[in-house]
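Structure first, then comments.
The values are calculated or read from the model by the stated rules, or taken from the named source; none is laboratory data. Keep in mind that this is a model prediction, so the values were computed, not measured. Cβ sites come from the backbone with ideal geometry, for glycine too, and all protein chains shown count toward neighbours.
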Amino acid sequence: MDLAPAGTPAGGEIGRGWTVSRAAGAVRWLRRQRLAFLIAAGILLLHVGVALTGPVWAPYPPDELLVGDPFKSPSREHLFGTDNFGRDVFSRVVYGERTVLSLSLTAAGLAVVAGSALGLLMAYVRGWLDEVVMRGVDVVLTIPPLILSLLILGGVGASYPVIIATVAFFFAARVATVIRAAALDVVSEDFVTAARLRGESAASIARRELLPNVTSSMLVEFSLRTGYSVLFIAGLSFLGFGSAPPTPDWGLMINEGRSYISSSPWLVLGPSLALASLVVALSLFTDGISDALGLSPFRRAKA
Amino acid sequence: MRYISRLVLPRLGLSLGTLLAVSLMIFWAVELLPGDTATRVLGREATPERVQDLREQLNLDRSAPERYGIWLAGFVQGDWGESLVSKRPVTDVVLPRLENTLLLAGLTLVIYVPLSLILGIGLALLRESRIAPFLSAVVVAGTALPEFVVGLLLLLVFAVWLPWFPPLALVDDAETLPQLLQTLTLPAVTLAVAITAYAVLMMQASLVSVLESDYVRMATLKGLSRRRVVLRHALPNALGPALRVTVLNIAFIIGGIVTVEVVFNFPGLGRLFIDSIRILDTPVIEAIALILAGIYVLLNLGADVATGALNPRLRAAAR
């Protein structure tokens, strides 16, 4: 990885950049082995591994009915028991990993790309454009995301592209404010002025001078927004505005299983364990990398 | 006064603008609901005349901007229309549910405020101890857990395995105060867990920076007791950020309340909202969405104004 990208004067530590000394600090921090971070990273690796390889080794197909009797409690053949249709809950949880991770990674990725582009644009151009866009962003920030998302999904139907677009829209506004603030820190630096005087275009300045200095913020935002996306999309599925049955999706499985919670709690506990371990690991991981990159922890009220 | 004119008025204007934008989005989203409203209400077998009558009654033949104007003007004047399903005025359907939801939110705050104060102070004081990283990991985990998972776990433990609380929060059937509290406890605790964790993190961060400041060291060197230093000197300065988080947290409850009400079958505004979207009862959907969004926007405004009022630097900047 090129740790001192073009446009960053060698050796100097400017703003929040990915400079050599910053990277060395991150490595030093990791050596100190913050236990919580390492455990979180391990759990995340496990989740990604399950998403990539799960379908190869999952004991049963996720939709196959009556692979065992309905409502069997967890056993060696069925680690998380079976559900009301006699489907293997463990296999469904394993397959569900792909649904959950692909949806939330896409939504978070889109939000970070769109939000960062907007944030960089505002920071560089300033003036009335910044003013107008920032007002728009403020409006989006004061809209309750869940209420509006439910309305939109109820209106146009809960298909994956709509879910991803809705979540990305609300999160992009939050990313934009963070990236704009980070970019404003460097926009008045001499090397940006120098680039402007050299006659470089706005797009090239944004890409070559500003972007490298907000990369760590973007990284943290991506990690943070992925966690929030998992939470948000699982909530939508739980409320019946996400994946449709019989898709293996944790939020949906928890909702389907909750009618049987007194007699067969494993229907809820299996997917809950998967969901909880993923979001908690993501949150500790975000904390860890923002610490390691020397950014203040990004803790704000839930979206 | 300068503070009000420089900081509060622009924010107020922005909030009103936001509310207008939200009402437009709500109206637009409701327009997207599948099917013709009149046909949906009357069923497929309805005669064309009856459908036409209802279309006129609901102003469906007018253009969308006209209907938006009529709807918004009616809403502001307290005429929220009639439920398409139960045929009762929307106010009669919505307001009792709003009351229940406010009750739940109130009890959540009663649990949340002392809990977050105690945990926040405790964590800040223990910051150099060995268990500190473990404790903050637990708190971070608390912020990350989805509220329906927390709710269902509480339900499983305290309603199914230990039959201390009813599994369904049928608050309308509660007759005495103890009964009422019993039905409200589990949903309120669920909501409180989520928001307490955030407040604790914020308070801990601001308390730690205050505790390490010179004036607190001075107070300690003067020989004041630890307790006096923390409670009288450090805490007041750490409360500002915590207050802001609290107001934003109440705003967060608005979203969380929908999920928690579904988990506990609580007859509140959130569950009515979900049910109304399912049965496409548009006037009810619009009313609830606008009420919830309105509360959310006002609380955000409150958070900004309170932060400004508590922060001398911002106040000075407005002069």
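Just one of A:GLY96, A:GLY119 is in contact with an Asp or Glu (Cβ under 6 Å, 6 or more places away or on another chain), assigned to a helix (DSSP H, G or I) and surrounded by 24 or more Cβ atoms within 10 Å (Cβ to Cβ); which is it?
Matching residue, one of A:GLY96, A:GLY119: A:GLY96.
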> Among the listed residues A:VAL100, A:VAL113, which satisfies the condition of being under 14 Å from the mean Cα position of the chain (by Cα), farther than 30 Å from A:TYR60 by Cβ, modelled with pLDDT of 90 or more and not hydroxyl-bearing (Ser, Thr, Tyr)?
Replying inline: A:VAL113
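Which one of these is out of contact with any Leu (no Cβ under 6 Å at 6 or more places or on another chain), within 24 Å of A:LEU224 (Cα to Cα) and of a type outside the set (D, E, K, R): A:VAL132, A:VAL139, A:VAL192?
Matching residue, one of A:VAL132, A:VAL139, A:VAL192: A:VAL139.
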> Given the conditions (1) modelled with pLDDT of 80 or more; (2) surrounded by fewer than 23 Cβ atoms within 10 Å (Cβ to Cβ), and given that B:SER209 satisfies all but one, which numbered condition is not satisfied?
Replying inline: (1)
> When you look at B:VAL157, is it more than 30 Å from A:ARG225 (Cβ to Cβ) and either within 10 Å of chain A (Cβ to nearest Cβ) or assigned to a helix (DSSP H, G or I) (or both), yes or no?
Replying inline: yes
>> Here is a list: A:ALA168, A:ALA172, A:ALA158. Which entry is within 23 Å of the chain's Cα centre (by Cα), closer than 18 Å to A:SER243 by Cα, more than 9 Å from chain B (Cβ to nearest Cβ) and surrounded by 22 or more Cβ atoms within 10 Å (Cβ to Cβ)?
In response: A:ALA168
>> Is it the case, given these coordinates, that B:THR143 is within 14 Å of chain A (Cβ to nearest Cβ) and at pLDDT below 80?
In response: yes
>> Going residue by residue through segment B:90-99, is there one that turns out to be in contact with a strand residue (DSSP E or B) (Cβ under 7 Å, 6 or more places away or on another chain) and closer than 14 Å to B:PHE273 by Cα?
In response: yes
> Regarding B:ARG232, is this residue over 28 Å from B:ASP173 (Cα atoms), out of contact with any strand residue (DSSP E or B) (no Cβ under 7 Å at 6 or more places or on another chain) and more than 10 Å from chain A (Cβ to nearest Cβ)?
Replying inline: yes
> Name the residues in segment A:123-144 that are under 20 Å from the mean Cα position of the chain (by Cα), part of a helix (DSSP H, G or I) and within 7 Å of chain B (Cβ to nearest Cβ), would you?
Replying inline: none
> Among the residues of segment B:203-216, which ones are assigned to a helix (DSSP H, G or I) and without any contact (Cβ under 8 Å) to a residue 60 or more places away in the chain?
Replying inline: B:ALA205, B:SER206, B:SER209, B:VAL210, B:ASP214, B:TYR215, B:VAL216
>> Quick check on segment B:113-135: of everything there that is over 25 Å from the mean Cα position of the chain (by Cα) and small (Gly, Ala, Ser), which residue is nearest to the other protein chains (Cβ to nearest Cβ)?
In response: B:ALA132
> Looking at B:LEU239, B:LEU181, B:LEU191, which is the one that is at pLDDT below 80 and part of a helix (DSSP H, G or I)?
Replying inline: B:LEU239
>> Considering only segment A:85-95, I want to know if a residue exists there that is within 14 Å of another protein chain (Cβ to nearest Cβ) and either closer than 25 Å to A:GLY235 by Cβ or acidic (Asp, Glu) (or both).
In response: yes
> Checking A:ARG207 against (1) under 30 Å from B:GLU261 (Cα atoms); (2) of a type in the set (D, E, K, R); (3) free of Cβ contacts under 8 Å to residues at least 24 places away in the same chain, which test does it fail?
Replying inline: (1)
> Residues in segment A:62-77 that are over 22 Å from A:SER237 (Cβ atoms) and either at pLDDT 85 or above or surrounded by fewer than 16 Cβ atoms within 10 Å (Cβ to Cβ) (or both): how many?
Replying inline: 8
> Looking only at segment B:140-158, which residues are surrounded by fewer than 20 Cβ atoms within 10 Å (Cβ to Cβ) and in contact with a Leu (Cβ under 7 Å, 6 or more places away or on another chain)?
Replying inline: B:LEU154, B:PHE158
>> Exactly one condition in (1) within 10 Å of chain A (Cβ to nearest Cβ); (2) assigned to a helix (DSSP H, G or I); (3) more than 26 Å from A:TYR228 (Cα to Cα) is false for B:VAL150; which is it?
In response: (3)
>> Being within 30 Å of B:LEU181 (Cα to Cα), surrounded by 16 or more Cβ atoms within 10 Å (Cβ to Cβ) and not β-branched (Val, Ile, Thr) is the requirement here; does B:SER116 meet it?
In response: yes
